[in-house]
């Protein structure tokens, strides 16, 4: 009976992480902590060691942020088609973790940065719309100021 119980516990422990994983490693990690470190990141580097502390300091000052520092396409798991597209991956990642976190999300890839920030979303759309309207007005009325 004891062997059967031990076997059942071992089986449950082996299966539980796989059941929770959904193919997005950063999304799984950022639900629980502020930083996801890519697989090829040198965790002994000074910068990597400071990143978690910096996110904690930012949170204390009212600027909570989650950071995914990605190094290779495999860091994206099943959604590696978003490699080299940090902006769209930031949107995707934020949707993945929104059940527990809805503030700033920063994605760092060798190709660049992607930032999702709820407060900034409307302002960006609004400003962009104003620019397009102004450009359209000038095109429709040549010589208008």
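Observations, loosely collected:
- Fewest-first ranking of 52, 109, using other Cβ atoms within 10 Å as the exposure measure: 52, 109
- Counting other Cβ atoms within 10 Å as a rough exposure proxy, the listed residues 42, 28 run 42, 28 from fewest neighbours to most.
- The order of 37, 101, going from fewest to most other C-beta atoms within 10 Å of their C-beta, is 101, 37.
- The simple spin-label model puts a point 7 Å past each Cα toward its Cβ; for residue 56 and residue 42 those points are separated by 2.4 nm.
Read-outs throughout are calculated quantities, based only on the coordinates presented, and are distinct from any laboratory measurement. This is a predicted model, so every value here is computed, not measured. We place every Cβ from the backbone using ideal geometry, glycine too, and count neighbours over all the protein chains shown.
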